[in-house]
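Report on the structure given below.
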Amino acid sequence: MLRHILAALTAFALAFPALAQSGDAEYEELMTQLAHSQSEGEARLLSELIWQHWLTAPDDQSQELLDEALDRRAVGDTSGAIAVLDQLIEGWPDYAEAWNQRATMYFMAGDLEASLADVEEVLALEPRHFGALSGKAMILMMQDETDAAQNTLREALRYHPWLSERALLTEPEGVDL
């Protein structure tokens, strides 16, 4: 049954990409299902559908900029990707994934402070963005902010209980994740 629901949601998201934004009923259902997923495989499918939502920009012009930034990222043009994402954020400051992609680029460039600042913008727009939360946890770990990193990772796991980064949690002995 889950496969049928996922197939229907995927078809809907592909047929109506402009509707695939945070706040719509399908997105909310995916987030709920992911938070309650019972297996890594189920979570992976749901996560991929959520990423489709996140990577669907608000309109054609913003989608072109996002696609260009992703293309630049794919060829290792970090500074070029950041410049394009700057334009995207300037034009669509409420598009959380633009901030998330720029946070990723800053992280790749080694600018942890700028990355963390952009992650905070993502989380202000979409507090359940498990990608941004796990990225924030990684940055905090690199900054030796272990307690904050662990708390942030636990927050990410509330929304995506099967994140691979869950292996980085340090739990007291005898606590089952």
Subject >> Residue check for Gln150: over 24 Å from Leu66 (Cβ atoms) and assigned to a helix (DSSP H, G or I) >> reply: yes
When the range 153-171 is checked residue by residue, the ones that are in a helix (DSSP H, G or I), of a type outside the set (Ser, Thr, Tyr) and within 16 Å of the chain's Cα centre (by Cα) are Leu153, Arg154, Glu155, Ala156, Leu157, Arg158, Glu165, Arg166
By residue number, the members of the range 62-76 that are touching an Asp or Glu at 6+ places or on another chain (Cβ under 9 Å) and surrounded by fewer than 16 Cβ atoms within 10 Å (Cβ to Cβ) are Asp71
Some residue of the range 55-63 being on the phi > 0 side of the Ramachandran plot and not in a helix (DSSP H, G or I)
no
* To do: Evaluate the range 96-115: report whether one residue or more is among the β-branched types (Val, Ile, Thr), out of contact with any strand residue (DSSP E or B) (no Cβ under 6 Å at 6 or more places or on another chain), at negative phi and not assigned by TED's automatic domain parsing to the domain that holds Gly76.
  => no
Residues in the range 23-37 that are modelled with pLDDT of 95 or more and not in a helix (DSSP H, G or I) total 2
Looking across the range 77-129 at residues that are of a type in the set (Ser, Thr, Tyr) and under 27 Å from Ala35 (Cα atoms), the single one that is surrounded by the most Cβ atoms within 10 Å (Cβ to Cβ) is Tyr95
Of those in the range 165-177 that are more than 20 Å from Leu123 (Cβ to Cβ) and not hydrophobic (A, V, I, L, M, F, W, C), the residue modelled with the lowest pLDDT is Glu173
If we ask which residues in the range 51-85 are within 18 Å of Leu123 (Cα to Cα) and among the acidic types (Asp, Glu), their number turns out to be 0
For Ser164, the lone unmet condition from (1) crowded, with 18+ Cβ neighbours inside 10 Å; (2) closer than 20 Å to Gln52 by Cβ is (1)
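The values are calculated or read from the model by the stated rules, or taken from the named source; none is laboratory data. Keep in mind that what you see is a predicted model, and the values were worked out from it rather than measured. Glycine gets a Cβ as well: all are built from the backbone with ideal geometry, and neighbour counts include every protein chain shown.
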